[in-house]
Structures are given as structure tokens and as C-alpha cells.
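To keep things clear, I will list the structure first and then write my remarks on it.
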Amino acid sequence: MNDEIGSNTREGTTTRRPRKTLRIGIALVVGVAATAALMPVVGHQGGLEIRDAAAISCTHVNGNFAWNCAGSLPGWVCTQILEPADPNTWQDNYFCASSDMGIKWSYAGVIAGMRCTQILELADPHTWQDNFLCVPQASPYYFQWSMAGPISGMNCVQWDEPADPDTWGDNYLCW
């Protein structure tokens, strides 16, 4: 248990009271915490809610595009980003657009008749070399992929899967 400090003011003095937080893997058991309300409840233990801490750290938004590693985003048009050969929870990853832009995903090569951008993490051994994000030929967006941080001078959205140990934390789709 970690004791986080809250304060009460009584007659000009500050007293400290513990805030109970039990860390379990990527989940938190939270007694009282303002940021906990942002995390989805994934269970209960000892009368306390267990909330998923990863859910707040993997949503990235930039303009008309967003990424989420914990499901699609309400109000967005989302495309599932899946590599079936990768065991590191890719089944719940989504790239989202603010409107229907005809974006498609392929984990088996380019899609005929579309403009495709290869999505690749060289450090990941799970067959990412044949994965592509595709847009219609008439799309105003020309995507570029980076495995080493955002591309200078471009708009970018981070693609992150915290459960994947294969260095996905520095990958960005830019336009």
C-alpha cells in the first residue's frame, strides 16, 4: 500500500490523512483519488473498485485523428488495428478519425486501389512487416510512419500499446 497525502485544515494547522492505493500490475485499487474517476472499473476487491490505469495513458488525440489502445472511442469513426500474430493485446487497439474518411487496415499487405502506409516496428518480432494503414486515393491525407518519435514539421499522433514490450512507445503516424 502507498500512502498518498491529503490535507485537512483545522484551526490554521494542516493535518495529513492517508489515501489508500494498492497497485496490482497495471490496475489500481483506489479508495479516494480524483484521477481514478477517469479510469474504467475492471473489478472489485475488498469493497474497493479496481480501475485500469493503462486506459488513461494510451489515448492520444491530434486534430482529426486519435489512437486508443483500449477500445474504440465514442463519437469517432474507428478502425481496428490488429496483428493476429502478436500476443501483446493488439485486439483492442484502434486508430480513429473525426469522420468517415474511408480508412482501412490490413495485416496482410497493401489494399488494391488504396494509398497505403506501412506500419512497422522493427523491434517487434510478430510479423509487422506486412501491416498497412490505407486511405482512398483521393484522400487529402498523406500519412508517414515513424518508429523513432514524431516527424519534425508534421502533425502526428502517437500509437502506443503499453502491454507490448517491443518498443511501441515511440511510434507515430504523421501527416
Residue identified as at pLDDT 95 or above and more than 15 Å from Cys174 (Cβ to Cβ) among Met154, Met101: Met101
Would you point out the residue of the range 80-97, among those that are over 16 Å from Tyr141 (Cα atoms) and free of Cβ contacts under 8 Å to residues at least 40 places away in the same chain, that is surrounded by the most Cβ atoms within 10 Å (Cβ to Cβ)? Tyr94
Looking only at residues in the range 89-139 that are closer than 19 Å to Val61 by Cβ and small (Gly, Ala, Ser), which one is farthest from the chain's Cα centre (by Cα)? Ser99
For the range 145-164, which positions are part of a loop (DSSP other than H, G, I, E, B) and within 14 Å of the chain's Cα centre (by Cα)? Asp160, Glu161, Pro162, Ala163, Asp164
Return yes when Ala85 is among the aliphatic types (A, V, I, L, M) and closer than 13 Å to Trp168 by Cβ and no when it is not. no
From the list Asp164, Asp100, Asp130, Asp124, which one is of a type in the set (D, E, K, R) and exposed (fewer than 14 other Cβ atoms within 10 Å of the Cβ)? Asp100
Would you pick out the residues in the range 137-156 that are surrounded by 15 or more Cβ atoms within 10 Å (Cβ to Cβ) and touching a Gly at 6+ places or on another chain (Cβ under 9 Å)? Ser139, Asn155, Cys156
Checking the conditions here, which among Leu133, Leu173, Leu122 is assigned to a loop (DSSP other than H, G, I, E, B) and aliphatic (A, V, I, L, M)? Leu122
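The values are calculated or read from the model by the stated rules, or taken from the named source; none is laboratory data. The shown structure was predicted, so the numbers you read here are calculated from the model rather than taken from an experiment. Here Cβ is always computed from backbone atoms with ideal geometry, including for glycine, and neighbour counts include all displayed protein chains.
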